[in-house]
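The structure under discussion appears below in the form of structure tokens.
The values are calculated or read from the model by the stated rules, or taken from the named source; none is laboratory data. Remember, it's a predicted structure, so these values are computed and weren't measured experimentally. Note that we place each Cβ from the backbone using ideal geometry, even for glycine, and neighbour counts take in every protein chain shown.
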Amino acid sequence: MKIHFFFLLWGILCFAIASNAQIPNGGFENWESNGNPVGWWTNNAPGVYTTITKSSDAFSGSWAVEGNVASVSGIGVGPAIISGVEGLGIPINFRPAAITGYYKFTSINGDYMQVQADFIKSGVGGVGVGAANLNPAASYTQFSIDINYLTGDVPDTVLIAIFIAGNGGFPNVGSKMFVDDLAWGSSSEVKELGNGIPYEFALMQNYPNPFNPSTTIRYSLPEMNFVTIKVYDVLGNEVSTLVNEEQSAGIYETDFNSDRLSSGMYFYTLKAGNFVETKKMLLLK
């Protein structure tokens, strides 16, 4: 009996850890009768305006979140969702490196879409934060936002907020977003290897290749340049932006995580000034 009780406790503990290791209803497959995704607060005001709806235009599964700017007496109201019942956050018992997901975004007159993750312990914020504005994207594109920790604490609650706002004013009708498959992920940090200044631009073959679920991409820059590295599927759809910043001369590497992608061939492209190079990589699950 004692052995059975031990395994029962162990199973409960493992289930609790596994549950906290995922974002509840991060794929937005479950919806309430009032039109809100289960476990998420929205700024919908029944009878006045609706900004958040269920959409069958999903990256995976049956449903995704669709957010549209509503007009109330000629004033734009941007869509917003926040994790947890009444937007009070969801439990967590570890320190994830990044928040990832897939999105589409149409921007009117400079409206921006932002994703935030704020980590709290015992009701006090400031444990860690991750936030980024996402670029417009006509097809589903992966984002990965690193979490910066400000203390050594392990958080117990995280507030995830996703919204559209105006650039210096109210947002504009016509701006819209789709969000799907939120998850905790590994860091997308670009590492400078410090092996001196290379003589030429180069994009190396990813390793390992084939890979599952993550792989490393190394590249070299002989001079300072604005650098982008993007990943595309076989149809030419952008699925992830790994690098999008100015970098000094040096040798770098960055990781690509494919947790939410299906098996197949993908392409990654390095652009730095006039230099462009593309290589293939194979995801096998």
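Screening region 116-163 for residues that are among the polar types (S, T, N, Q) and free of Cβ contacts under 8 Å to residues at least 60 places away in the same chain and picking the one that is surrounded by the most Cβ atoms within 10 Å (Cβ to Cβ) gives Q116.
Of the residues making up region 141-174, those that are under 23 Å from T42 (Cβ atoms) and outside any loop (DSSP other than H, G, I, E, B) number 13.
Tell me, yes or no, whether region 254-271 has at least one residue that is touching a Gly at 6+ places or on another chain (Cβ under 6 Å) and not assigned by TED's automatic domain parsing to the domain that holds D111. Yes, region 254-271 contains a residue that is touching a Gly at 6+ places or on another chain (Cβ under 6 Å) and not assigned by TED's automatic domain parsing to the domain that holds D111.
Looking at F59, F105, just one residue is touching a strand residue (DSSP E or B) at 6+ places or on another chain (Cβ under 8 Å), part of a strand (DSSP E or B), in contact (Cβ under 8 Å) with a residue 40 or more places away in the chain and more than 30 Å from G152 (Cα to Cα), and that residue is F105. Considering only residues that are of a type in the set (F, W, Y) and either over 13 Å from A249 (Cβ atoms) or in contact with a Pro (Cβ under 7 Å, 6 or more places away or on another chain) (or both), which ones fall in region 209-225? The answer is F211, and nothing else. Of all the numbered requirements in (1) modelled with pLDDT of 90 or more; (2) outside the structural domain of N135 (by TED's automatic domain parsing), G174 misses one, and that requirement is (2).
Being within 28 Å of L150 (Cβ to Cβ) and polar (S, T, N, Q) is the filter here; which residues of region 67-116 pass it? S83, N93, T100, Q114, Q116, listed by residue number.
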